[in-house]
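Q: Before I ask anything, let me first share the structure, which is written out below as structure tokens.
A short reminder: the numbers here are calculations on the coordinates, not readings from a lab. Keep in mind that what you see is a predicted model, and the values were worked out from it rather than measured. Cβ coordinates were reconstructed from backbone atoms using ideal geometry, including for glycine residues, and neighbour counts include every protein chain displayed.
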Amino acid sequence: MKPAPFAYVKPASLAEVFRILAAAGDGARLLAGGQSLMPSLNLRLSAPEVLVDINGLPGLRGIVLRGDRLRIGALTRHVEVEHSELVRRHAPLIAAAMPHIAHPAIRNRGTFGGSIALADPAAELPACVLALDGEMEIAGSAGTRRVAAGDFFRGLYETAVGAGEVLTAVEVPTQQPDWRSTFAELARRHGDYAMAGIAAQGWIDGDRARALRLVFFGVGLQPMRAVQTETVLTGQRITRDIVGAAQAALGQDLQPVGDIQAGGATKLHLARVLLARALASLARQDP
Amino acid sequence: MQRDIEISLWVNGEPVRRRVEARRSLVDFLRLELGLTGSHVGCEHGVCGACTVRVDGTTQRGCLTLAAQVDGCRIETVEGLSDSGSIADLQAAFLERNAVQCGYCSAGMLLTAAELVAARPAADRAAIRAYMAGNYCRCTGYQAIVDAIEAVLRQRRAGAGPG
């Protein structure tokens, strides 16, 4: 279908964006890469009065290393993240996730910040940023604030970005030498939204798991951290028995509701399969 | 804030200046206003790949980009790539391998394949399938399409083809 009519404006500064958002209220939507927004407009699931194209804003694009943090500008295209040497070296979890995000033509236009700000529960990047304990930078007319990933994702397509605000950057801690991370998802077609997926980071102390952050996507209203499962695993050797216990505990963390892709029971089963694969991968990696 | 936007761009090397409705997608602009009907409209939500065109040198979904957003950009469509001869070997291989059946997906397949053979010269069949996964062929001619792309990769590696 074709979208309902809307007005279009392409401001050249954040100050101008704030003015437009304040004037337009609920009728305005920010347009970054548009790779999720345009489908919702074309399907008329959403009919904003004005699209505020933020692609002309300076300074929101690019990847830089700042001490022990990697900063990814909100308007950085997926393809740039996918091919970034900085990301490969300092945030290998994100590098591993990139090829799973839709298809090349969509990664050429879609943005890192757009994916985080939309917070689709089946999307890869929100889960990665939560697993990495990243931080979001949010700008508004009153100034800039920072929100930890654990407080950022608040429900189905709900985030800490308030009315009149713009997500400007995401920062993740660089992966330290003793840390390991792993990413896996199961999708019907390469590039489709996952039926279930996992983004995990942890530290293997000798052969014992420490400080695990296990985040599942496609199995809840938002990226889901599996806290009970992490507790079962902490301080343990990754053996067949402990993997079994962790898989059992995952039922306390996740109660997936079925969607067009798979039923709830199937999703929980797939999440358990992915958990075992992720733990095997973490245990196997060279420290 | 306007519902009609003035845009200037290059389409297949030609300068174009038009006033477009803000909600007009790039692929509809190319087809309905410029008469470039080689790019097709399929699902209109980014799943099928029939509308794939090049924007400033990279493939993008013509249905998920507004014409208003490509002001100042260089657009290339299957018509332009055909005329330039840059995908002649891919087109020949698609015909040779019967990778064109109804033809609806072909423009998108060719544009994505062109990007693949340039970006991943060492791609094997699995890598070709992964790269092409965003383009549907409703005739299900995938084996033939992968065959054709594999043949072109082999030719180009042997230095027999252009590029």
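Q: Under a point-charge model restricted to the Cβ atoms of Lys and Arg (+1) and Asp and Glu (-1), what is the dipole moment magnitude of the stretch A:25-87 relative to its Cα centre, in debye to the nearest 20?
A: 80 debye
Q: What angle, in degrees between 0 and 90 and rounded to the nearest 10, separates the Cα long axis of helix A:240-253 from the longest principal axis of the Cα atoms of chain A?
A: Taking the Cα atoms of chain A, the angle to A:240-253 is about 40 degrees.
Q: Now, a different point. Could you tell me how many degrees, from 0 to 90 and to the nearest 10, lie between the Cα long axis of helix A:264-284 and the main elongation axis, the longest principal axis, of the Cα atoms of chain A?
A: 70 degrees
Q: Let me ask something else about it. Packing-wise, with mean Cβ within 10 Å as the measure, how do A:69-81, A:192-204, B:30-42 rank, highest first?
A: A:192-204, A:69-81, B:30-42
Q: Could you work out the helix-only [θ] at 222 nm for chain A, with each DSSP H run of four or more residues adding -39,500 (n - 2.57) and the total divided by the number of residues, to the nearest 500 deg cm²/dmol?
A: On the way: 12 runs with 99 residues, N = 287.
It lands at -9500 deg cm²/dmol.
Q: Please give, to one decimal in nm, the separation of the simple spin-label points placed at B:R120 and B:Q2, each 7 Å out from Cα toward the Cβ.
A: 4.2 nm
Q: Mind checking the stretch A:135-185 for chymotrypsin sites (Phe, Trp or Tyr not before Pro) that DSSP puts in a loop (not H, G, I, E or B) and that have at most 13 other Cβ atoms within 10 Å? Each step should come with its number before you reach the end.
A: Details: sites: A:F152, A:F153, A:Y157, A:W179, A:F183; in loops: A:Y157.
For chymotrypsin sites (Phe, Trp or Tyr not before Pro) across the stretch A:135-185 that sit outside H, G, I, E and B with at most 13 neighbouring Cβ atoms in 10 Å, the list is empty.
Q: Throw me the Rg/Rh for the stretch A:235-287, computed over C-alpha atoms with Kirkwood Rh, two decimals.
A: Result: Rg/Rh = 1.06.
Q: Let me ask you something else. Would you tell me the mean number of C-beta atoms belonging to other protein chains that fall within 10 Å of each C-beta in A:3-13, as a whole number?
A: Working: counts 7, 1, 4, 6, 7, 12, 5, 4, 0, 0, 0.
Whole-number average of other-chain Cβ neighbours for A:3-13 is 4.
Q: Under the classification rounded if a/c is under 1.5, otherwise prolate if a/b is larger than b/c and oblate if not, where does the protein assembly as shown fall, given a ≥ b ≥ c as square roots of the Cα gyration tensor eigenvalues? Before the final figure, lay out the partial values.
A: On the way: a/c = 1.92, a/b = 1.28, b/c = 1.50.
Since a/c reaches 1.5 but b/c is at least a/b, the shape of the protein assembly as shown is classed as oblate.
Q: Report, in cubic angstrom per residue, the convex hull volume of the C-alpha atoms of the stretch A:52-100.
A: Numbers: hull volume 4.0 nm³, N = 49.
Expressed per residue, the convex hull around the Cα atoms of the stretch A:52-100 is 81 Å³.
Q: Peptide B:61-68: average number of partner chain Cβ atoms within 10 Å per residue?
A: Details: counts 11, 1, 4, 13, 5, 9, 0, 6.
Across the residues of B:61-68, the mean count of other-chain Cβ atoms within 10 Å is 6.
Q: Can you list which of the DSSP-assigned H helices in chain B have a Cα extent of 20 Å or more along the long axis and an average Kyte-Doolittle score of at least -1.0?
A: Passing helices, by number: B:142-157.
Q: Now for a separate question. Using +1 on the beta carbon of Lys and Arg, -1 on that of Asp and Glu, and nothing else charged, what's the dipole of chain A about the Cα centre, debye to 20? Mind dumping the intermediate values first?
A: Numbers: 30 positive and 27 negative charges, 84 e Å.
Using Cβ point charges on Lys, Arg, Asp and Glu, chain A gives about 400 debye.
Q: The stretch A:85-194: D in µm²/s via Stokes-Einstein (Kirkwood Rh, Cα pairs, 20 °C, 1.002 mPa s)?
A: 146 µm²/s
Q: Still on this model: Can you tell me the orientation of helix A:14-24 relative to chain A, as the angle in degrees between its alpha-carbon axis and the longest Cα principal axis, to the nearest 10?
A: 70 degrees
Q: I've got another one for you. Would you mind giving the mean number of other chain beta-carbons within 10 Å of the Cβ of each residue in A:35-42, as a whole number?
A: So the per-residue partner count for this stretch is 5.
Q: Restricting to Cα pairs below 8 Å that are 6+ residues apart, what does the relative contact order work out to for chain A? Please round to a whole percent.
A: Answer for chain A is 15 percent.
Q: Hand me the trypsin sites (Lys or Arg not before Pro) from the stretch B:109-163 located in a DSSP loop with no more than 12 other Cβ atoms within 10 Å, in residue order please. Walk me through the numbers before you get to the answer.
A: Details: sites: B:R125, B:R129, B:R138, B:R154, B:R156, B:R157; in loops: B:R138.
When the trypsin sites (Lys or Arg not before Pro) of the stretch B:109-163 are filtered for loop state and at most 12 Cβ neighbours within 10 Å, B:R138 remain.
Q: Give me A:K2, A:K267 ranked fewest to most by other Cβ atoms within 10 Å of their Cβ, as a rough exposure proxy.
A: Listing A:K2, A:K267 from fewest to most nearby Cβ atoms yields A:K2, A:K267.
Q: Then there's this: Can you list which of the trypsin sites (Lys or Arg not before Pro) found in the stretch A:118-223 are DSSP loop residues with at most 13 other C-beta atoms within 10 Å? List each step's numbers first, then the result.
A: Details: sites: A:R145, A:R146, A:R154, A:R180, A:R188, A:R189, A:R208, A:R210, A:R213; in loops: A:R188, A:R189.
Taking the stretch A:118-223 and a limit of 13 other Cβ atoms within 10 Å, the loop trypsin sites (Lys or Arg not before Pro) found are A:R188, A:R189.
Q: Turning to a different aspect of this structure: Using Cβ counts within 10 Å as a stand-in for footprinting exposure, how do A:I116, B:I128 rank, fewest first?
A: With the sparsest Cβ surroundings first, the list reads B:I128, A:I116.
Q: In square nanometres, what is one fourth of the surface area of the convex hull spanned by the alpha carbons of the stretch A:181-250?
A: Working: hull surface 20.0 nm².
The number I arrive at for the stretch A:181-250 is 5.0 nm².
Q: Along the charge dipole of the protein assembly as shown, Cβ charges K/R +1 and D/E -1, which of A:H90, A:T168, A:I242 sits furthest on the positive end?
A: Positive-end residue among those listed: A:I242.
Q: What shape does the stretch A:1-134 have by the C-alpha gyration tensor, where a ≥ b ≥ c are the square roots of the eigenvalues, rounded means a/c under 1.5, and otherwise prolate means a/b greater than b/c and oblate the rest?
A: Cα axes put the stretch A:1-134 in the prolate bin.
Q: Same structure again: For chain B, what is the mean residue ellipticity at 222 nm derived from helices alone (per DSSP H run of n ≥ 4: -39500 (n - 2.57); sum divided by total residues; nearest 500 deg cm²/dmol)?
A: Only helices count here, giving -10000 deg cm²/dmol.
Q: Using alpha carbons only, how many angstrom separate the centre of the stretch B:56-89 from the centre of the stretch A:28-101?
A: For the stretch B:56-89 versus the stretch A:28-101, the Cα centre distance is 21 Å.
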